[in-house]
Structure formats: structure tokens, C-alpha cells
1. Please say if region A:123-192 is rounded, prolate or oblate, where rounded means a/c under 1.5 for a ≥ b ≥ c the square roots of the C-alpha gyration tensor eigenvalues, and otherwise the choice is prolate for a/b larger than b/c and oblate otherwise?
2. Report, in listed order, any pair from B:K34/B:K65; B:K70/B:K192; B:K36/B:K64; B:K88/B:K236; A:K97/A:K133; A:K211/B:K88 with a Cα-Cα distance greater than 26 Å.
3. Might you report the magnitude of the Cβ-based charge dipole of the protein assembly as shown about its Cα centre, with Lys and Arg at +1 and Asp and Glu at -1, to the nearest 20 debye?
4. What share of Cα pairs, in percent, lie more than 27 angstrom apart in region A:65-216?
5. Just to be sure I understand the interface: list residues from region A:91-130 that lose 50 Å² or more of accessible area between the chain on its own and the complete protein assembly, 1.4 Å probe.
6. In terms of Cα to Cα distance under 20 Å, which aspartates and glutamates are near enough to B:K77, apart from those fewer than 8 places away along the same chain?
7. Counting only heavy atoms of the protein chains, get the accessible area per residue of the protein assembly as shown (1.4 Å probe) and round it to a whole Å² value.
8. Compute accessible area for region A:183-198 by itself and then with all protein chains, 1.4 Å probe, and report residues whose area falls by 50 Å² or more.
Amino acid sequence: MIKTVKASLSEKILFIFLICLGIFAFTSFFLLKNKCLSVKEVNLEKVNFPDPENIAIMNVECGNVVIELYPEISPNSVERFKTLINKGLYDGSAFYKVIDNTLVQAGDLEYGKKEYLDYSKIGSGKSKLGTLKSELNDDFEFTEGSVGFARSTEFNTEDSEFFITLKEIPIYQGEYTPLGKVIYGLDILERIKTGNKAIYVLRPDFINSFKMLNAN
Amino acid sequence: MRILILLLFCLNITYVNADEIYNLLKIPNLEIFKLKSKNNIRYLNTNNDFKIGVDDNITCNKTKKINLDKKFPVIEKNLSLYNSNFLKKIQLKYIVLCEDLFISEINTGGIPDTQKRTLILDINFNQKYFERMIHHEIFHMIQSSHQNYFDEELFSKLNEPNFTYAECSTCSDRLNLDLYENTKGFLTEYSKSIPSEDMAEIFSFLMTNKSKVNEIIQEDNILKNKVELIKSGLSKIDNNIL
């Protein structure tokens, strides 16, 4: 004959505690894995942009990043940027250089696209539109969310690559061509995959689409 | 194939130096000391010793606060003599402040790099002639960015026919920076090393003690011609210098 043993109160409490812990661990795993959690999404239809001609919308994994462009500061560079956006050339471009909490960089149209990613050449790709003269501005401050045209170590080598600062980088003032500023979605950019200790990102995040507001 | 690409990527991986100043100037261990000035010069301080250049042949040590506090006002005062337009033309934007600057194991006051628009300054170099040294090094930036205005061959011909400069500034023992009592075409012994140092010495005196130079050239025709050549070159860059 089998004698049933009743669980004591403390055993019951321990059992319930273990079940709760299991549920918490399980849900946390899925919640934490979702890097886009708690990202604020801007409703573009509800925002009244004073200068819609110069608003660009970059869609990435976690949502839309809204950028205001400054043609009055860097006319030629902004024009080039708009040309590349309107041609859809940034769509599928990799954020191949991401420095944690510092900056994200994308726009290598030759070797940094989703369909063709060449790690040995990334950062050296060309747009085939030729390089531009740097449009430096000693008064433009590279505060967080500033968008600038990337270049090689030489000036006047801007082409298609751009970067967005995630923090203020005062030393960039007067060093890089300003393109504009992020007005919504900086927290979205902060979720872009970093390279951990490496400057270049293995299996990077991509730009889903990049459009001018008026083109939507 | 995927594994091969992955391996290549890992081999070529560049570790982050999450240091924006390094990314810009390729000099490690720098921090912003003073970013805004009237003539747009940016001062960077060395917070840890660094080695740069071919085979790390350029070395400089971090600054001590006490030295920096003492020397910075002197440096800033002297650099304020140049306007931002002139500095732009001579490609000077960053002053790197460090101590005990050596190039190929030779102690030097400054190392100019027009490509990076940087002048590395040893704040401990030659206490006696420190201010003059600053202008001396700046002249090297001026000459480097405007070689055609300061023709060394033409300048050398202004000397006595029997005089020859050394092959290089460091292969000569003409190193004294004291002002000659009897100049005879040269302001200091170091002026006799090579033409560019001769020009830099004249320029440094013009910036720090112009009246003395004007007095000397009344009696020294060779120096007078040299001063005129330098002034002429400078006026082509900016009329407001000197």
C-alpha cells in the first residue's frame, strides 16, 4: 500500500516560487530579445513639418528616423544626399560602422549593400556620381543626432557615405560636412547593432528604405 | 566560402578606438583642452604618453598639470598673434600639447604636420626661448604649405659665397639659439644649420622682437635681404602678419 505524503506549507511556497521564476525567465528571454521594445514611434501624419521639402525618412528595423536636411548650410552635399535618397540607392545599405553610443555610419553603395556585402572593401565604395568638395561650417555643432557626410582622411572626398552622431562630438565641428539633424527617432538609431569591440559590424543592420517626405 | 569570408573578416578586424580625436588626427591619448578660441585654434592635451610615426619614431609624454597651467597662457598668447584666415592658409588647426617630444631619439620643440593641420608642441622645450620656439615651429608650417614663396635656393644665395649650410638640421652641431652679438647674416648659431631653420629663426625673432631685428638689419645687409624675402613671402599669404 502506497502512503501519500502531503507537501508541507514551505514546500508549497517553494514550488510556487519556482513556477513564478520559470515564467519570469521565459518571458524575460523573449522580451529582452526584442531590441525594439519601448522605442517611441512617431506618427508622421500627425506632425506638421515646417520645411517638408527637406525632411527625409529613414526606415530601419525599429522604426522611422526623421531627418531634417540643411541645404542652406551645405547646398551641394544636401543636393547629392537627396539625389541618392530619391533614387532609392540607400535602401538596403548596411550600418557597417557603429561605435556604441557614439555614431552609426552607412551609405557604401558599392560594397555595403544587403545584396552585396564585401567586408574586405567596405567603406571604399563609390556612388559613381563623383566626389564632392567638403562644405565645412565652423558654426555647426555636431550635437547628438547630427548627420554628416563621411569622407576619407582627405577633404573633398565626400561621396555617399554618411554618419549620424549618437552623442555630441565637438571635435567634428568644422571637420565634416553637415547634412542635417535627426528630429525624431534617435532612440531607434541607438538600437542599431554595434560591432561590440570591433569598429565594423559583422551581420549588420540595414536601412530598409530611405525616402524624402514628399515622395511618400 | 562563408567560413573563409568570416576568417578574413576576423583577421582584418579593427578594434575600436572609440576616440574621435584619434580617428581624426591619428594621435592616441589626446583630450580636448580648449576647443574655442578667437582664431579657431583647437588645443589638445596629452593624457597619456604616445608613440606615432614610422616605427613609432615620434614619442611624447603626457603633460603635468602644473606645467600645462604655466605654459598654456604663454602658448595661447603667442598663437593669438595669428588670425584664423592666416591659420587656415597655413593649414594649422590643432595644437597638441605634450612633454619631452622626441623624433628619432632627438629632442625637438615641435613637429608640424600640414596634412593633419596639427602642430605637436613640447611644452617643456627650451624654457629660455620657449616663445620664440613656438613661432619657429609655425614658420615650418608656413613654409611647408607655401614652399614656392620661400625658395631655399634663392634664400641660400643671399649668404656670403663661401658659406655652406649643413646637410640637415640634426647633422650639424650648430644648435645654439642665443642671439649673436655680431650677426654677419645669421641671428643665431642654429640659423647656420640649414636654410629652412635660418628662415624659421628670422621669423621667430620677427614675431617676438621685431624692433631688435629692425635695428640689426640697419648694419647687416645680408640679414636685411633675408628679412625682406621672408616678409615678401608672408605678405603673399596675409598682409596682416608682421
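The values are calculated or read from the model by the stated rules, or taken from the named source; none is laboratory data. None of these values were measured; they are calculated from a predicted model. With ideal geometry, Cβ positions are generated from the backbone for all residues, glycine too; neighbour counts draw on all protein chains shown. Ligands, DNA and RNA are stripped out before the accessible areas are found, and what is left, the full protein with its side chains, is counted by its heavy atoms. Shrake-Rupley method; radii C 1.70, N 1.55, O 1.52, S 1.80 Å.
1. Details: a/c = 2.25, a/b = 1.37, b/c = 1.65.
Oblate.
2. Working: B:K34/B:K65 14 Å; B:K70/B:K192 32 Å; B:K36/B:K64 22 Å; B:K88/B:K236 14 Å; A:K97/A:K133 23 Å; A:K211/B:K88 37 Å.
Over 26 Å apart, Cα to Cα: B:K70/B:K192; A:K211/B:K88.
3. Details: 55 positive and 61 negative charges, 363 e Å.
About 1740 debye.
4. Details: 1494 of 11476 pairs.
That tail contains 13 percent of the Cα-Cα pairs.
5. Listed by number, the residues meeting the 50 Å² cut-off are A:I99, A:Y119.
6. Partners found: B:D69, B:E99, B:D122, B:E131, B:E137, B:E201, B:D238.
7. 53 Å²
8. A:K197
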